[in-house]
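A.B. asks: After the structure tokens below, expect a handful of questions from me.
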Amino acid sequence: MSRRALVTGGTRGLGAAIAKAFKAAGYKTCVTYAGNEEAAKKFEAETGIKAFKWDVANFNECIEGVKKAEEYLGGNVEVLVNNAGITRDGMMHKMPPENWMAVISTNLGSVYNMSRNVIEKMRENKFGRIISLSSVNANGMMGQTNYAAAKAGIEGFTKSLALEGAKSGITANAVAPGYMNTEMVAAVPADALQQIISKVPVQRLGDVNEIARTVLFLADDASGFITGAVMPVNGGLRV
């Protein structure tokens, strides 16, 4: 049976790799994006995966967006991957309120917004997979109080939701990547990037497909006994 999957922030980086992995595995797949029209059109043309534009930090937009996604998928969302995220790094004593709220709303608020709009049908159908992207930096990182708070919040949200969904055939898990070969990491200055790599026991950045395979594993029907887990995919790195 072909399951139906929705990946937020799915036209670039980790999200794109995850969406491609789902499609390759036979899932009916669609993604969301926030505003990069050029990247979304390129992604659709290259993959054949439908990309829907809406702000996952806005609850009302999620209501309408999920309806459109379900129409496209031909049924309710069975696998939700909460991948959308941004950074607005800065030291706490200099961080403006808008940078705090932007990261909390997009990275953590969206996890509630999206999960809330798919979970009722998952409960009715006695099946669901909700997989959210955390980070190795959920443990804390200088200059990322907003980002770390959001990612730590995702982990607590996931563990709580796992308890609520267990009797309804719904699993909730998080994947916590380390430093990956994404556009975000590529923008780090070369000397700083080398310092990061030197701290990773396997001495390299992770590949986005390593995250995609982990997400695909957690989404599988056969992974129903795994719930409430935070899966570290970080090359042995601990903060």
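The values are calculated or read from the model by the stated rules, or taken from the named source; none is laboratory data. Keep in mind that what you see is a predicted model, and the values were worked out from it rather than measured. Note that we place each Cβ from the backbone using ideal geometry, even for glycine, and neighbour counts take in every protein chain shown.
A.B. asks: Tell me the residue from 130, 170, 226 that is touching a Leu at 6+ places or on another chain (Cβ under 6 Å), modelled with pLDDT of 95 or more and on the phi < 0 side of the Ramachandran plot, please. Steps first, answer last, please.
C.D. replies: Values: 170 fails: touching a Leu at 6+ places or on another chain (Cβ under 6 Å); 226 fails: touching a Leu at 6+ places or on another chain (Cβ under 6 Å).
Within the list 130, 170, 226, the selection yields 130.
A.B. asks: Could you tell me whether any residue of the range 204-212 is on the phi > 0 side of the Ramachandran plot and either not hydroxyl-bearing (Ser, Thr, Tyr) or not in a loop (DSSP other than H, G, I, E, B) (or both)?
C.D. replies: As a first pass, look at the range 204-212 and keep what is on the phi > 0 side of the Ramachandran plot: none.
No.
A.B. asks: If you don't mind, another one. Among the residues of the range 182-203, count how many are within 19 Å of residue 151 (Cα to Cα) and in a loop (DSSP other than H, G, I, E, B).
C.D. replies: Residues meeting the conditions: 1.
A.B. asks: Of all the residues that make up the range 147-172, how many are acidic (Asp, Glu) and more than 29 Å from residue 97 (Cβ to Cβ)?
C.D. replies: 1
A.B. asks: Hey, among the residues in the range 72-104 that are buried (at least 21 other Cβ atoms within 10 Å of the Cβ) and of a type in the set (Val, Ile, Thr), which one's nearest to residue 133 (Cα to Cα)?
C.D. replies: Ranking the qualifying residues of the range 72-104, first place goes to 81.
A.B. asks: Next up: Could you grab me the full set of residues in the range 30-58 that are out of contact with any Ser or Thr (no Cβ under 9 Å at 6 or more places or on another chain) and either farther than 22 Å from residue 71 by Cβ or not in a helix (DSSP H, G or I) (or both)?
C.D. replies: 30, 35, 38, 46, 48
A.B. asks: Only one of (1) assigned to a helix (DSSP H, G or I); (2) buried (at least 23 other Cβ atoms within 10 Å of the Cβ); (3) hydroxyl-bearing (Ser, Thr, Tyr) fails for residue 132. Which number is that?
C.D. replies: Only one criterion in (1) assigned to a helix (DSSP H, G or I); (2) buried (at least 23 other Cβ atoms within 10 Å of the Cβ); (3) hydroxyl-bearing (Ser, Thr, Tyr) is unmet by residue 132, namely (1).
A.B. asks: Residues of the range 202-230 being of a type in the set (A, V, I, L, M, F, W, C) and in contact (Cβ under 8 Å) with a residue 40 or more places away in the chain, which ones? Full working, then the answer.
C.D. replies: Let us first name the residues in the range 202-230 that are of a type in the set (A, V, I, L, M, F, W, C), namely 202, 205, 208, 211-212, 215-219, 222, 225-226, 229-230.
Within the range 202-230, 208, 211, 212, 215, 216, 218, 219, 226, 229, 230 meet the criteria.
A.B. asks: I'm checking my understanding of the structure. Among residues of the range 214-233 that are in contact with a helix residue (DSSP H, G or I) (Cβ under 7 Å, 6 or more places away or on another chain) and assigned to a helix (DSSP H, G or I), which one is nearest to residue 139 (Cα to Cα)?
C.D. replies: In this case the residue turns out to be 215.
A.B. asks: Here's a follow-up. List every residue pair whose Cβ atoms sit under 6 Å apart, with the two residues 6 or more apart in sequence or on different chains, where the first one lies in the range 113-135 and is in contact (Cβ under 8 Å) with a residue 12 or more places away in the chain and within 21 Å of residue 10 (Cβ to Cβ) and the second, anywhere, is among the acidic types (Asp, Glu) and part of a helix (DSSP H, G or I).
C.D. replies: Correct list of pairs: 134/155.
A.B. asks: Another question, then. From the set of residues in the range 45-61 that are without any contact (Cβ under 8 Å) to a residue 12 or more places away in the chain and either surrounded by 18 or more Cβ atoms within 10 Å (Cβ to Cβ) or of a type in the set (Asp, Glu) (or both), which is farthest from residue 16 (Cα to Cα)? I'd like the intermediate steps shown before the answer.
C.D. replies: Within the range 45-61, the subset without any contact (Cβ under 8 Å) to a residue 12 or more places away in the chain is 45-46, 60-61.
Retained after the next criterion (residues that are either surrounded by 18 or more Cβ atoms within 10 Å (Cβ to Cβ) or of a type in the set (Asp, Glu) (or both)): 46, 61.
Numbers: 46: 11, 61: 21 Å.
Going through the qualifying residues, I end up with 61.
A.B. asks: Only one of 69, 138, 148 is touching a Cys at 6+ places or on another chain (Cβ under 6 Å), part of a helix (DSSP H, G or I) and surrounded by 19 or more Cβ atoms within 10 Å (Cβ to Cβ); which?
C.D. replies: Exactly one residue qualifies, and that residue is 69.
A.B. asks: Please specify each residue of the range 2-26 satisfying the condition of being in contact with a helix residue (DSSP H, G or I) (Cβ under 9 Å, 6 or more places away or on another chain), in a loop (DSSP other than H, G, I, E, B) and modelled with pLDDT under 95.
C.D. replies: 12
A.B. asks: Hey, residue 110 hits all of (1) polar (S, T, N, Q); (2) assigned to a helix (DSSP H, G or I); (3) surrounded by fewer than 20 Cβ atoms within 10 Å (Cβ to Cβ) but one; which does it fall short on?
C.D. replies: The single condition residue 110 does not satisfy is (3).
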